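Working notes, beginning with the structure itself.
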Amino acid sequence: MNFNERRERERELKALKDKYSSLENELKLLQESEQVTDDLVDRLKNKVEAIDLMEESQVEMIDSQLIKQRKLGLKIRELKQKVDRNNEELEAITDKVKTDITGELNNLLPAKTQSALVCTV
């Protein structure tokens, strides 16, 4: 191998080393970028999981509140029905007491006095 061939080979070898070095640098850069991307994906995954957990918790809380509201609604309807029944019973008792008092008053007062009272009223 003569001097020119040797020099040509050394240049080719240097060019290959430079190319290899350049490829090696690009590979390192890609690995670093991949690591950053993996970290970002992991962070995003954690945030999504946290949001899912919060959403599940809120859904459970809302469901619990809806169940409580339904129970309260039933109790309110039951109380309203009871109040309505009690009011009807009170009206019946009031009417009976009025009838009884009127009957007793009629028995106590003579007919002429009753007529006089009706005329004055």
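The values are calculated or read from the model by the stated rules, or taken from the named source; none is laboratory data. None of these values were measured; they are calculated from a predicted model. Neighbour counts run over all protein chains shown; Cβ positions are idealised from the backbone, glycine included. Accessible surface is based on the protein model in full, side chains and every heavy atom, while ligands, DNA and RNA are left aside. Shrake-Rupley method; radii C 1.70, N 1.55, O 1.52, S 1.80 Å.
Among the residues of the range 1-50, those identified as in a helix (DSSP H, G or I), aliphatic (A, V, I, L, M) and open to solvent by 100 Å² or more (accessible area, probe 1.4 Å) are 16, 23, 29, 30, 44.
Just one residue in the set 72, 66 is open to solvent by 80 Å² or more (accessible area, probe 1.4 Å), assigned to a helix (DSSP H, G or I) and out of contact with any Asp or Glu (no Cβ under 9 Å at 6 or more places or on another chain); that residue is 72.
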